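Below is one structure, written out as structure tokens; the observations come after it.
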Amino acid sequence: MMPHRSRRPRLFVLSAVVAALTVAASLAVPTVPAAQAAPTAQAAQAAAAPARITSVPSGRCLDVTGNVQTPGTGVNIYDCNNQANQSWTFSTASELKTFADTRCLDVASHATTSPAKAQIYTCNGGANQQWRLNANGTITGVESGLCLDVTGGKTANSTPVGMLTCNGSAGQKFSTSLTPDTTPPSVPGNAHIGTLTCDSVGFGWNASTDNVGVTFYDVFHDGQLMTSVAAPARRVDLTVVAGVKWGLYVNARDAAGNVSQASRTVSITPPQCQADTQPPTAPTGLTATASGTTVTLNWKAATDNISVRAYDIYRGSAKVGTVTGTASSTPATTFVDSALAPVTTYVYVVVARDGQANVSVKSATASVKTGSGYAQAVCSVSQVGADTDIPWGLVTLADGSLLYSRRDAHDIVHLNPSTGAKTTLGTVPNVSSTDGEGGLLGLAIAPDFASTHWLYIMHTSATDNRIVRIKVENDKLVNSSEQVLLSGILRNKFHDGGRLRFGPDGKLYASTGDAQNGDNAQNLASLNGKVLRLNADGTVPSDNPYGSYVWSYGHRNPQGLAFDSQGRLWEQEFGNSVMDETNLIVKGGNYGWPACEGTTGSCGTAGFRAPAQTYPTSEGSCSGIAIVRDVLYVACERGTRLYREVISGTSLTNVQVLFNGTYGRLRTVEPAPDGGLWLTTSNLGDKDSIANNSDEKLLHVTLGM
Ligand SMILES: [Ca+2]
Ligand SMILES: [Ca+2]
Ligand SMILES: [Ca+2]
Ligand SMILES: [Ca+2]
């Protein structure tokens, strides 16, 4: 029921109606296209319950300017008057329809950069006619990620409404009884492969169901999106790489952008296209030069009848590293061996390998004597622990001992790095894995841990990712003390983020993945694809930029967080298939995913923040980061290396590659109390959720300069 109104607003309403009728009568009203006169079953379903959409600051209605149905007519706010140009429905295809469902709200020219024009247009199924009604009151264009915006946040009649970068302002808040679809499709069943050749495979699955309808299936390998196919297709032919093991799976997506949990993983290793029994030639021209206790090797590339894929580097008889390439990129011909003893002679040889494990004869040896000083990045490395599961989160206690989470085993270990002695604090309750990257993830302790005993934990549950805290007393988790600080962060097989870090401001920062749905990253109402900022008690800090937990957005799968000496937050993020990135995070910043990956894609979009450093995914895929004396250390999985980068202003300079291949995949790096680093590996069983099928090291790195 309309509330009784004062005379003045009523007069405004009446005059608006008269004005609108006059305009409508004076223009030729376009006829309804025949295709839309007979609604489909889907449209009929959507046509239920038209409603108004009101701008929050003014209470005025979203209104097609002048009550004109001509395609291209803009929208504005106007006194609510129950005219057809203020009556909206939200279709199952995520369209906002008006004029009795004959016109769709539309972003002019498919614009994706701010500002853009919002208008009505003939409904055509375009991505620029799909909208998301968000829980925080914003209405975002699916294609552009931009927010519907009352110009200048004004409240006057006839204020135009356009599209602007989402900024949390009141002019971007709307109220409506229209309800979006928030139910994701069911998990695609029976993921399976057909014929597998050296360069292709057929991949299929059973149809998912959805309360509205499945629109797309997104096919991934190991967290990388390969392709999206429109439903009802239930199979796709994929290009694969001979000899390279991939885990294939598929997620179903509906029109509203809800993404299902992933199917089971189907593991493939394509056969070689041609048998190769011919080893590469030996590398030649090997040289070794020492600078302090660091040795740099260089050699000339070997050749092969097909291709050289890797070089193994031996110091004496011990293999100390591997430099790898891919089917499309040759391996580098340089290697840095650090943390050597001073004033000692070392002898190196290098061998080349092809893609089928044929190994060349050894290169000629190169011998070199190290210098006396530690004037180098790394002095020494020692192993302080081993684990049969994947160490993920790691914190140092005041006595110098370590707590680390075991991702797939779901428990927390207390390690004495001096003796290697381990005790188990206990199993964290309600942890669930994802047959992928989810599980027991990041850890953090507040500065007042000694008195409060709170251990902060980020983990996957059966329904979501969440941040909890549990007291540690008498070397045990007190599970009865558990408090769930933040739940409802979407989970999926991959892209679960998971790092926690307390800032110098006493706030808890958390990195969340996009849950395999890039749209989440630009959706400020979503907790996914974000850096979040919480008070230590789990409440929203009053100075967060959007009145929510969101601190920055537009992230894909961030897993590294660290603060520098100026209190600035740096973040490490996995890209899709091209580039990974390190970002300097600013309050409210938009880091561009999914339109922009590293520096590729629509990275020039206004408002997108550029990364401080990028890495080809084959040389990166980095997870944890740590900052010691304003040098950033980046632990990389696929790149099997630790990057060392000097923070200089807002840049990262003097990039060095450490431990290239020496320890395999690296997950977590943390500052150690002696000014060095803790470093953990993630080599085996790291793409499954099977507990204790790994063979990992916990290392201590003594840093030099
Ligand atoms: Ca749905
Ligand atoms: Ca060969
Ligand atoms: Ca980015
Ligand atoms: Ca495992």
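Read-outs: derived from the displayed coordinates by stated rules, not from any lab. Note that the coordinates shown come from a computational prediction; the quantities given were computed from them, not determined experimentally. Every residue, glycine as well, gets a Cβ built from its backbone with ideal geometry; the counts of neighbours run over all protein chains shown.
For region 69-86, what does the Karplus curve 6.51 cos²θ - 1.76 cosθ + 1.60, with θ = phi - 60°, yield as ³J(HN,Hα) per residue in whole Hz, taken in order and with x for Gly and Pro?
Using θ = phi - 60°, the values come out as 8, 4, x, x, 5, x, 10, 8, 9, 7, 3, 5, 9, 6, 6, 4, 7, 10 Hz.
Taking the Cα centre as origin and putting +1 on Lys and Arg beta-carbons and -1 on Asp and Glu beta-carbons, what dipole magnitude results for the chain, to the nearest 20 debye?
Working: 50 positive and 53 negative charges, 229 e Å.
In total the dipole reaches around 1100 debye.
Based only on other Cβ atoms within 10 Å, what is the fewest-to-most ordering of Tyr509, Tyr311?
Details: Tyr509 23, Tyr311 28.
Ascending number of Cβ neighbours within 10 Å: Tyr509, Tyr311.
In region 353-483, if the dipole is taken from +1 on Lys/Arg beta carbons and -1 on Asp/Glu beta carbons about the Cα centre, which of Thr434, Leu397, Gly355 is farthest to the positive end?
Most positive-ward Cα: Gly355.
So who's got an amide H within less than 5 Å of the one on Tyr546, skipping anything under 5 residues away but keeping other chains? H placed 1.01 Å off N, in plane.
The answer is none.
Please compute the length gained on full extension between Arg568 and Thr287, using 0.36 nm multiplied by the number of residues separating them and subtracting their Cα-Cα distance. Spell out each step's value before the answer.
Numbers: separation 281, 0.36 × 281 = 101.16 nm, distance 4.08 nm.
Net length gain for the segment: 97.1 nm.
Quote the convex hull volume per residue of region 192-268, based on C-alpha atoms, as a whole number of Å³.
Values: hull volume 5.9 nm³, N = 77.
It comes to 77 Å³ per residue, whole-number rounded.
Which shape class applies to region 154-285: rounded if a/c is under 1.5, otherwise prolate when a/b exceeds b/c and oblate if not, where a ≥ b ≥ c are the square roots of the Cα gyration tensor eigenvalues? Spell out each step's value before the answer.
Details: a/c = 4.25, a/b = 2.00, b/c = 2.13.
Note, shape of region 154-285 comes out oblate.
If the only charges are +1 at each Lys and Arg Cβ and -1 at each Asp and Glu Cβ, what is the size of the charge dipole of region 378-703 around the Cα centre, to the nearest 20 debye?
With only Lys, Arg, Asp and Glu charged at Cβ, the dipole is about 260 debye.
Work from the charge dipole of region 298-381 (Cβ charges, +1 for Lys and Arg, -1 for Asp and Glu, about the Cα centre) and give the residue of Leu340, Val381, Ala302 farthest towards its positive end.
Sorting the options by dipole projection puts first Leu340.
Using only the Cα atoms of the chain, construct the convex hull and provide its projected area averaged over every direction, in square nanometres to one decimal.
Values: hull surface 136.9 nm².
Computing the convex hull of the Cα atoms and averaging its projections yields 34.2 nm².
Only counting other Cβ atoms within 10 Å, I'd like Arg499, Arg52, Arg235 sorted with the fewest neighbours first. Mind showing how you got there, number by number?
On the way: Arg499 27, Arg52 20, Arg235 16.
In order of increasing Cβ crowding within 10 Å: Arg235, Arg52, Arg499.
On alpha-carbon atoms, Rg over Rh for region 41-176 using Kirkwood Rh? Walk me through the numbers before you get to the answer.
Details: Rg = 13.1 Å, Rh = 14.3 Å.
When Rh is taken as the Kirkwood radius, the ratio is 0.92.
Using the Karplus curve 6.51 cos²θ - 1.76 cosθ + 1.60 with θ = phi - 60°, work out ³J(HN,Hα) for each residue of region 432-442 in order, rounded to whole Hz, and write x for Gly and Pro.
Calculated HN-Hα couplings, in order: 9, 9, 10, 6, x, 9, x, x, 8, 10, x Hz.
Once you have a ≥ b ≥ c as the square roots of the Cα gyration tensor eigenvalues for region 378-703, tell me rounded if a/c is under 1.5, and otherwise prolate or oblate according to whether a/b is larger than b/c. Provide the component values of the computation, followed by the final result.
Values: a/c = 1.40, a/b = 1.15, b/c = 1.22.
The shape class here is rounded.
Tell me the mean residue ellipticity at 222 nm calculated for the chain from its helices only (DSSP H runs of n ≥ 4, each -39500 (n - 2.57), averaged over every residue, nearest 500). Mind dumping the intermediate values first?
Values: 5 runs with 38 residues, N = 705.
Here the helix-only value at 222 nm equals -1500 deg cm²/dmol.
Residue separation times 0.36 nm, minus the C-alpha to C-alpha distance between His110 and Thr239: what's the value? Kindly include the intermediate steps, with their values, before the conclusion.
Working: separation 129, 0.36 × 129 = 46.44 nm, distance 3.06 nm.
So the chain would gain 43.4 nm between His110 and Thr239.
Using the reciprocal of the averaged 1/r over all distinct C-alpha pairs, how large is the Kirkwood radius of region 547-705 in Å? Write down the numbers at each step before the final one.
Values: mean 1/r = 0.0623 Å⁻¹.
Computed over region 547-705, the radius equals 16.1 Å.
Between Asp630 and Leu684, 0.36 nm times their residue separation minus their Cα-Cα distance comes to what?
Values: separation 54, 0.36 × 54 = 19.44 nm, distance 3.18 nm.
Net length gain for the segment: 16.3 nm.
Let me know the Rg and Dmax you get for region 284-394 when you use only its Cα atoms, in Å.
Radius of gyration, then largest Cα-Cα span, for region 284-394: 15.9, 46 Å.
Please label the shape of region 253-297 as rounded, prolate or oblate, based on the square roots a ≥ b ≥ c of the eigenvalues of the alpha-carbon gyration tensor (a/c under 1.5 means rounded; beyond that, a/b larger than b/c means prolate, else oblate). Intermediate values should be presented prior to the final figure.
On the way: a/c = 5.07, a/b = 1.81, b/c = 2.80.
Oblate, because a/c is 1.5 or more while a/b does not exceed b/c.
Measure nothing but the geometry: give the 0 to 90° angle between the long axis through the Cα atoms of 7-26 and the longest principal axis through the Cα atoms of the chain, rounded to 10°.
Helix 7-26 sits at roughly 90 degrees to that axis.
Using +1 on the beta carbon of Lys and Arg, -1 on that of Asp and Glu, and nothing else charged, what's the dipole of region 240-372 about the Cα centre, debye to 20? Present the calculation step by step, with values, prior to reporting the outcome.
Details: 10 positive and 6 negative charges, 38 e Å.
Approximately 180 debye in magnitude.
Starting with the fewest neighbours, write out Leu642, Leu415 ranked by other beta-carbon atoms found within 10 Å of each beta-carbon.
Numbers: Leu642 28, Leu415 22.
Lowest to highest Cβ neighbour count: Leu415, Leu642.
Count the net charge of all other residues whose Cβ sits under 9 Å from the Cβ of Cys123, scoring Lys and Arg as +1 and Asp and Glu as -1. Let's see the in-between values first.
Numbers: positive: Lys97, Arg103; negative: Glu95, Asp101, Asp106.
Residues close to Cys123 contribute a combined charge of -1.
Could you tell me which residue out of Gly704, His495, Tyr643 lies farthest along the dipole of the chain toward its positive end? Charges go on the beta carbon: Lys and Arg +1, Asp and Glu -1, centred on the Cα centre.
Farthest towards the positive end: His495.
Given the C-alpha atoms of region 391-493, compute the convex hull and give its volume per residue in Å³.
Given the Cα convex hull of region 391-493, per-residue volume reads 88 Å³.
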